[in-house]
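Below: one structure, written as structure tokens.
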Amino acid sequence: MLPHRRLPVLIGPALMVCVATGCATPADDPVDPSPVQALDPGDHTFTVGHDGRARSYIVHIPPASGAGRAPAVVLAFHGGGGNAEQFKSSAGFDAVADREGFVAVYPDGTGLAGMHTWNAGPRCCGSARDQEVDDVGFVRALMADLALRTPIDLARIFATGHSNGGGISFRLAHEAADLLAAAAPVGGAAMGPVPASSVPLPLLHIHSVDDPRALYFGGLGPPFPLTNHRTDHRAVPDVLDERAAINGCGGPPTVVETIPAPATGRDAGHFAERLVWPNCDAALEHWRLDGPGHGWPGHRQSRSREALVGPSTLILSAAEEAWEFFESVAGG
């Protein structure tokens, strides 16, 4: 496997800011050059200035990160119309972080009344796209800010997210592979053209063929609730073929693992297959679900919510699968 270019493991904070953001501009927050001290375990909310906006993110620090090793970071992006607190409460990453010792970070998008979106590209989504919000730059600024606040392993920064958050994860994989060690988008494919500068990056994609909102086989999705906004989705197989070419894979994928369908209960009929592409310069995998809808796998939704986004499922946990993938490709 050919390594993709990443930042050194523990760059000094001031250098990290310049590498990650090009150094602060007058519209951004000033850089504090003080030494890094570890944050206390638990939850912390911070604000960072970027592109003339005050942006926020929540950090969950685990009880312990392992003796003598700075912790990895998992960036977990909420879906369109959600927010950092909502995704933190439902995605399940805090429990995995506490067990495995990584730092879980929940960035907040932009928008009104807690209904936030990400600029994942020309196809999606909402005001973030319409206003051309620089969310890739925000993530770089966030990581620079976090590196000033607590020790982190800059060689093990991972991105995942749901729906619109999956879209921004794909965009980061395309445009910020120097920052990431791997990505795991869930229920949201790439939403824009792939830059010619894209390089191999380990990627796991989780998506249901029966997703009624982020259409697996592409096309114009239904309006977002209470709006007339619709998204023209790219077909997931096409997006993964594209990523296979970038990752230098040597052929079509094969099914290496299957989760059989339960016979009874709310998950009856749901099943999943894990596809792996061979001989890649950077790993490429796909959990293809059948039966579930658009919800985050591993989180049981209410019946009223399921009426909007389709059946939820507990046949696998997206948080657990994402971390397992990150650990396998980059020593998470």
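What follows is calculated from the coordinates using simple rules that are stated; it is not laboratory data. These numbers were taken from a predicted model, which means no experiment stands behind them. Here the Cβ is made from the backbone with ideal geometry for all residues, glycine too, and neighbour counts use every protein chain on show.
How large is ³J(HN,Hα) for each residue in the stretch 185-197, as worked out from phi by the Karplus curve 6.51 cos²θ - 1.76 cosθ + 1.60 (θ = phi - 60°), to whole Hz, x for Gly and Pro?
x, 10, x, x, 9, 4, 10, x, x, 8, x, 4, 7
Calculate for the chain the 222 nm mean residue ellipticity that helices alone would give, adding -39,500 (n - 2.57) per DSSP H run of length 4 or more and normalising by residue count, nearest 500 deg cm²/dmol.
Only helices count here, giving -7500 deg cm²/dmol.
Along the stretch 170-178, what does the Karplus equation 6.51 cos²θ - 1.76 cosθ + 1.60 (θ = phi - 60°) give for ³J(HN,Hα), rounded to whole Hz, x for Gly and Pro?
Couplings: 4, 4, 5, 4, 7, 10, 9, 5, 5 Hz.
Pop out the ³J(HN,Hα) list for the stretch 143-158 in order, Karplus 6.51 cos²θ - 1.76 cosθ + 1.60 with θ = phi - 60°, rounded to Hz; leave Gly and Pro as x.
Once rounded to whole Hz, the list reads 5, 5, 5, 5, 5, 7, 9, 7, x, 9, 8, 6, 8, 10, 10, 10.
What length, rounded to one decimal in nm, is gained on full extension from ASN228 through to ASP241, with 0.36 nm per residue of separation minus their alpha-carbon distance?
1.6 nm
Calculate, in nm to one decimal, what SER328 and ASP130 gain on full extension: separation in residues at 0.36 nm each, minus their alpha carbon distance.
67.6 nm
Quick one: net charge of VAL139's neighbours, Cβ under 11 Å, K/R +1, D/E -1?
-1
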